[in-house]
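Okay, structure first, notes after.
The values are calculated or read from the model by the stated rules, or taken from the named source; none is laboratory data. A quick note: this is a predicted structure, and the numbers were derived from the prediction, not measured. All Cβ positions, even for glycine, are placed from backbone atoms using ideal geometry, and neighbour counts span all protein chains on display. To get the accessible areas, we keep the full protein, side chains included, count just its heavy atoms, and leave off ligands, DNA and RNA. Shrake-Rupley method; radii C 1.70, N 1.55, O 1.52, S 1.80 Å.
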Amino acid sequence: QLTPSSFLRIGQLSNVDLNEDIHELETEVPRQRPNEIPHNEKLLSLKYESLDYDNSENQLFLEEERRINHAAFRTVEIKRWVICAMIGILTGLVACFIDIVVENLAGLKYRVVKDNIDKFTAKGGLSFSLLLWATLNASVVMVGSLIVAFIEPVAAGSGIPQIKCYLNGVKIPHVVRLKTLVIKVCGVILSVVGGLAVGKEGPMIHSGSVIAAGISQGRSTSLKRDFKIFEYFRRDTEKRDFVSAGAAAGVSAAFGAPVGGVLFSLEEGASFWNQFLTWRIFFASMISTFTLNSVLSVYHGNAWDLSSPGLINFGRFDSEKMGYTIQEIPIFIFMGVVGGILGALFNALNYWLTMFRIRYIHRPCLQVVEAMLVAAVTATVGFVMIYCSRDCQPIQGSSVAYPLQLFCADGEYNSMATAFFNTPEKSVVNLFHDPPGSYNPMTLGMFTLMYFFLACWTYGLTVSAGVFIPSLLIGAAWGRLFGISLSYLTKGSIWADPGKYALMGAAAQLGGIVRMTLSLTVIMMEATGNVTYGFPIMLVLMTAKIVGDYFVEGLYDMHIQLQSVPFLHWEAPVTSHSLTAREVMSTPVTCLRRIERVGTVVDILSDTSSNHNGFPVVESNPDTTQVAGLRGLILRSQLIVLLKHKVFVERANLSVVQRRLKLKDFRDAYPRFPPIQSIHVSQDERECMIDLSEFMNPSPYTVPQEASLPRVFKLFRALGLRHLVVVDNRNEVVGMVTRKDLARYRLGKEGLEELSLAQT
């Protein structure tokens, strides 16, 4: 077991890099780059702060709320709807942009390579074509990886684990910035065009969240522009609600599934929920899928025919032709089991790979090299598989975008090429809808095997990319294989249509990897436009989740855990009733008196060893010996604003003379409050007093020290707190519970285990 001290400040974690700005680290220590980073998943990182979902009800806040009349509240409500509509429209437009650019660039690439292959098939020397394909892929991916690794490492991966953490209440640096959005969008386009085994669907969720966070604040900190609108929403409570709407809009733009988007926000994301929120989020999702639909329809030249609701269109599944019978249900359940086992295998492999990446491939230049290697290998594997495949199909009557002839007879094309020589989305649709007999079982088997390992290697690279589509593709391939073998066994009976099994296999594989249940069922139903399959899809997903959870947790939860994020699950660990608040809380608590010396406040805030963010305020009676009772709670950010505006009383007995601070002063400083080092306090000012009465929250949540851990956990989780004060029976502060204290306890294989805390 490593001691926490060996972890202090070990440079930059890479793979889904959630670190603060590198420059801030450089000021603290000259950075040494070790060759190996010791990493251990039994750790919680201390570099993540919590979001404050709970409003500080100080006097300023109460006065402002009392001034707002009924009409003003109605205006605020209208503004909320307007923001949701804007989130939907912008998310839809971003999705259109990604889709159109990818379609054109990928089409260009495939045309160039196809002409080259056709030319060299005639006169020999196909190795040039391979070289061309691999070089094109590697160079495109190099650009995509460079911008992510060197400009904004948070944009790596699909962004779903980060958004999940954000909605859980963990503040992950840079996750909802404009810069992240730009890098994310460019990165996704480049990695899909670069032919990696990735999809553009996952990152849409992150993009939607960034758009939501930006619009709802009415200003951009990256551009240093303040539009002076929506100032009421500048606090964590409101921002977080809008981010969950953005995530839903992203899902619905990606799959054309507005209800699925709402359920995704419910299931994966938001910790807090109410009915108004649901309705607004649904509105944002609907607007988003409608925007995408209308813009793409105009782009494809049929303006009145709204036929492309999402980035991926699974195509129509006909109920008459493709119903299912009772005796197929056990077969579906069996497919769910297979999906769960394969998903668990995928996750376990990816876990070891990610550990290796965190330890050894933590320099940006190495990450770019690895991404280029994967791109080149993907192209090579595809080329070799197409080259060795002898599976020829007649061209007429088939809808192949780029038919490669290679060594087939005239009028035929290579069927392995439809799987590899295409963007993954198109391959999925082909596997669902091509008529029976389009694929050789050997082709499908080899494809599944190779693509499984390619997709596993690709997830966690330093490129923006989703895991949704590769999972669907792997599942569709083995599902179709399963369907073909079934119809062999049943002598070509009518119900064994391979397309239907491809759909079930895709659901099973995706469910086995990401372990979503409710939202995934609805997303699959909406994307296929068919309610008939609701029941079998649900069965398949349930089975896949149960089987997969028996072996290893879902992919997103695994990556959250590898990043050592203090993530709070829905419930406290089951066996934790024996622990009480006294054992969980952090003890010596730094308290402030109600009227405190400025010097004391500055010293407490500057103390880097403690770095607390909330301070209980106690009654100041300097004459008596007894300990003072709890009066309120004040946050670091509030104290910094007070010091910045120099809200001091000259000496203890004088009245206040300067202008009163408004709530607006606190809102303008949000979300990036200046660090204490940037605030200059002279020697005279250090002797002044500061009165915290009207700025502190006079009614913080408290628990007695005898409360059990599940009870504390419920209160903390359900109200989205950041600080929970522990008091004894005389109302004196004895400790403080924060997110890290609760997230430390986790159910391991042997029972309840406690994680150690580390600075990195």
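Accessible area of Cys456 (1.4 Å probe, protein heavy atoms only, ligands and nucleic acids ignored): about 10 Å². Annotation: per residue accessible area for the stretch 81-298 equals 32 Å², rounded to a whole number [probe 1.4 Å, protein chains only]. Find the centroid of the Cα atoms in the stretch 429-497 and in the stretch 658-717, then give the distance between the two in whole Å. A separation of 56 Å, based on Cα centres.
How high is the relative contact order of the chain, in percent, with contacts defined as C-alpha pairs under 8 Å that are six or more residues apart? Before the final figure, lay out each step's value.
Values: 1417 pairs, mean separation 144.7, N = 760.
Reported relative contact order: 19 percent.
Please compute the per residue accessible area over the stretch 393-444 with all protein chains in place, 1.4 Å probe, rounded to a whole number of Å². Kindly include the intermediate steps, with their values, before the conclusion.
Numbers: 2140 Å² over 52 residues.
In whole numbers, the stretch 393-444 has 41 Å² accessible per residue.
The residues of the stretch 579-755 expose on average 50 square angstrom of accessible surface per residue, using a 1.4 Å probe on protein heavy atoms.
The residue list Ala122, Ala134, Ala155 was ranked by how far each Cα lies along the charge dipole of the stretch 85-165 toward its positive end, using unit charges on Cβ atoms, and Ala122 comes out on top. Among the protein heavy atoms of the stretch 283-394, carbon and sulfur supply 71% of the accessible surface, probe 1.4 Å, non-protein parts ignored. Once you have a ≥ b ≥ c as the square roots of the Cα gyration tensor eigenvalues for the stretch 209-308, tell me rounded if a/c is under 1.5, and otherwise prolate or oblate according to whether a/b is larger than b/c. Oblate. Rounded to the nearest 20, the size of the Cβ-charge dipole of the stretch 579-755 about its Cα centre is 800 debye, with Lys and Arg at +1 and Asp and Glu at -1.
Extension gain, Glu231 to Phe673, is 157.5 nm, computed as 0.36 nm per intervening residue step minus the present C-alpha separation. Computed 3J(HN,Hα) for the stretch 293-298, one whole-Hz value per residue from the Karplus formula 6.51 cos²θ - 1.76 cosθ + 1.60 where θ = phi - 60°, is 4, 5, 5, 5, 5, 4, glycine and proline marked x. When the chain is described by a simple charge dipole with +1 on each Lys and Arg Cβ and -1 on each Asp and Glu Cβ, the residue from Ile604, Ser578, Gly534 located farthest towards its positive end is Ile604. Straight Cα distances below 24 angstrom link Lys646 to the lysines Lys662, Lys664, with same-chain residues fewer than 8 positions distant left out. Basic side chains Lys and Arg get +1 at the Cβ, acidic Asp and Glu get -1 at the Cβ, and with that the dipole of the chain about its Cα centre reaches some 800 debye.
Given Cβ point charges of +1 (Lys, Arg) and -1 (Asp, Glu) and nothing else, what value in debye, to the nearest 20, does the dipole of the stretch 401-541 about its Cα centre take? If you can, show how the numbers build up before the last one.
Numbers: 5 positive and 6 negative charges, 68 e Å.
Once rounded to the nearest 20, the dipole reads 320 debye.
Using a 4.7 Å Cβ-Cβ cutoff, the cysteines of the chain lacking any partner cysteine are Cys84, Cys96, Cys165, Cys186, Cys365, Cys388, Cys456, Cys591, Cys688.
Measuring with a 1.4 angstrom probe and ignoring ligands and nucleic acids, Asp118 comes out at about 60 Å² accessible.
Distances between placed amide hydrogens fall under 5 Å for Ser50 paired with Lys171, all partners being 5 or more residues away or on another chain.
Taking amide H as placed 1.01 Å from N in the peptide plane, the amide H of Ser756 sits under 5 Å from that of Leu44, each at least 5 places away or on another chain. Each residue of the stretch 567-583 was assigned a 3J(HN,Hα) from its phi angle through the Karplus curve 6.51 cos²θ - 1.76 cosθ + 1.60 (θ = phi - 60°); the sequence is 9, 9, 7, 5, 10, 5, x, 4, 9, 9, 5, 6, 7, 10, 4, 4, 7 Hz, with glycine and proline shown as x. How many angstrom separate the Cα center of the stretch 375-427 from the Cα center of the stretch 545-591? Cα centroid to Cα centroid, the span is 47 Å. Dipole of the chain computed with +1 at Lys/Arg Cβ and -1 at Asp/Glu Cβ about the Cα centre; of Gly261, Phe673, Pro700, farthest Cα towards the positive end is Phe673. Gly629 sits among other residues whose Cβ lies under 14 Å from its own Cβ, and their net charge, with Lys and Arg +1 and Asp and Glu -1, is +1.
Straight-line reach from Lys119: taking Cα to Cα under 24 Å and skipping same-chain neighbours fewer than 8 places apart, the lysines in range are Lys109.
Amide H contacts under 5 Å for Gly614: Arg636, restricted to partners 5 or more places along the chain or on a different chain, H placed in the peptide plane at 1.01 Å from N.
Could you look at the stretch 435-519 and say what percent of its accessible area is carbon and sulfur, using a 1.4 Å probe and all protein chains?
That fraction is 77 percent.
Among the listed options (i) 556; (ii) 229; (iii) 174, the one matching volume of the Cα convex hull per residue in Å³ as calculated from these coordinates is (iii).
In order along the stretch 474-488, the phi-based Karplus estimate (6.51 cos²θ - 1.76 cosθ + 1.60, θ = phi - 60°) of 3J(HN,Hα) comes to 4, x, 5, 5, 6, x, 5, 4, 4, x, 5, 5, 4, 6, 4 Hz; Gly and Pro are listed as x. For Ser756, the solvent-accessible surface with a 1.4 Å probe is about 40 Å², rounded to the nearest 10. For a straight C-alpha distance cut-off of 27 angstrom, the lysines reachable from Lys714 (same-chain residues fewer than eight places away being disregarded) are Lys42, Lys47, Lys164, Lys171, Lys239, Lys545, Lys740, Lys749.
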